[in-house]
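Q: Following this message is one structure expressed as structure tokens.
The values are calculated or read from the model by the stated rules, or taken from the named source; none is laboratory data. Predicted model only: the values in this text are computed from it and were never measured. FYI the Cβ positions are ideal-geometry reconstructions off the backbone, even for glycines, and counts take in every protein chain you see.
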There are 2 protein chains.
Amino acid sequence: MNAKSNLEFALIGLLKQKPQSGYDLRKTFITTAMRHYSDSPGSIYPALRRLEARGWIAAEAESPHEAADPRKRRAYRLTPAGEASLVRWLEMPVTRNDVIFEGSELMLRFAYMDGNVPRSSALRFLDQFERELSLYIGELRAQLEQMSSKLPAHTGVLAFQSGIEQMEAQIAWAQKARALLGKESS
Amino acid sequence: MNAKSNLEFALIGLLKQKPQSGYDLRKTFITTAMRHYSDSPGSIYPALRRLEARGWIAAEAESPHEAADPRKRRAYRLTPAGEASLVRWLEMPVTRNDVIFEGSELMLRFAYMDGNVPRSSALRFLDQFERELSLYIGELRAQLEQMSSKLPAHTGVLAFQSGIEQMEAQIAWAQKARALLGKESS
DNA sequence: GTGCACATGTAATGTGTTACATGATTAT
DNA sequence: ATAATCATGTAACACATTACATGTGCAC
């Protein structure tokens, strides 16, 4: 039941925007900022099959009778069940685990919120995101203290700091984004 | 010949610091900032076997004659071949592809540089890192212009901006790190 | 009519995840 | 003595990557 891979949600998010073929989706992954999702046919077509088997997407019948020529262009659209699971995914709370391990999934979720969930959900997302991030960053900073008290400023410590600073940038971004979204909804 | 997975290099970097057992390595992944490398026995022990088969690590013989009881603690150390491949990996140039797709591998490499490659290699790393990142960020900003000219400040645009701002944070970090390392070496 | 972009697919391989199994050592 | 922790391992499964296969339609 659960689609755990980001790729599957990346696909259904795009299909929500408009029905497309596997080839169209691949081109999006190759040419746009969604580079991180694999552009290889060996991942996309099987993923579409899984989604179809799960009933989340369906192939548009070109003409109702012809028994699908497998070599012909085949556009998929999101089913109602697919839309429901997209919304469920978008509405999931932001956990500590997410901010530690699933940073890119979180951003994918946020990117897809517009038009699919109410503005208030996006604001809640940002609040939770900032909250969990701040908590985690506190722990990291404590660890950093211990590390740097023992060692001089070696590359290990610097690399660790890089992680912290990236998270700080995310917090700053979240605050900015919330201000923007909050203002607009008034 | 090539170890492509980050896990394998995470392991040999730790083994370079000191010989350890698979269990010790797991604990490091669980309790320290190296959380991102899988802590599950199903990944670590097979990875150690691969590294051993490749001749990069070797099990320390507790006593020379006893034919290894498989249930006994087994500490691994890095072989000369393993050290050589660690250094080769650390000295690899930073490519455009790396900054786009392999951010965490890059930070792992940088973290392991101390004591394994000369300071000048770390400085070169930072230069290349900053260079490739700046070039890529330029492209992303151009894409952002096009996006935001068409759409209002939707969540998609904001998510995109988040990526850019994280990269900007990395550039700022690289500059700071270079200043620090450069000063110290004088 | 030859080459290229379109469009979909399969097979082999490697690896990470989850869950389970095994036994030793230490603590209560 | 029994539970927890130490320590290593295997098996089933899912998934991504790579490389290959297949055929269409258009341009030149």
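Q: For the structure I just gave you, tell me whether A:Met92 is under 14 Å from the mean Cα position of the chain (by Cα), farther than 25 Å from B:Leu144 by Cα and hydrophobic (A, V, I, L, M, F, W, C).
A: yes
Q: Quick one: what pairs do we get from segment A:24-50, first residue surrounded by 15 or more Cβ atoms within 10 Å (Cβ to Cβ), second of a type in the set (Val, Ile, Thr) and not in a helix (DSSP H, G or I), C-beta under 9 Å, 6+ apart or different chains?
A: As it stands, the answer is A:Leu48/A:Ile57, since those pairs meet every condition given.
Q: Now for a different question. Can you name every residue in segment B:1-36 that is out of contact with any Phe, Trp or Tyr (no Cβ under 9 Å at 6 or more places or on another chain) and near DNA strand C (Cβ under 10 Å from one of its atoms)?
A: Matches in segment B:1-36: B:Asn2, B:Lys4, B:Ser5, B:Tyr23.
Q: Same structure, new question: List the number of the failed condition for A:Asp39; all other conditions in (1) more than 11 Å from DNA strand C (Cβ to nearest atom); (2) within 14 Å of chain B (Cβ to nearest Cβ); (3) modelled with pLDDT under 90 hold.
A: Here A:Asp39 meets the rest and fails (1).
Each row is one residue, and each column tells you yes or no for (1) crowded, with 20+ Cβ neighbours inside 10 Å; (2) more than 8 Å from chain A (Cβ to nearest Cβ).
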| site | (1), (2) |
| --- | --- |
| B:Asp98 | no, yes |
| B:Phe101 | no, no |
| B:Tyr112 | yes, no |
| B:Ser120 | no, yes |
| B:Glu130 | yes, yes |
| B:Gly138 | no, yes |
| B:Ser149 | no, yes |
| B:Gly156 | yes, no |
| B:Lys176 | no, yes |
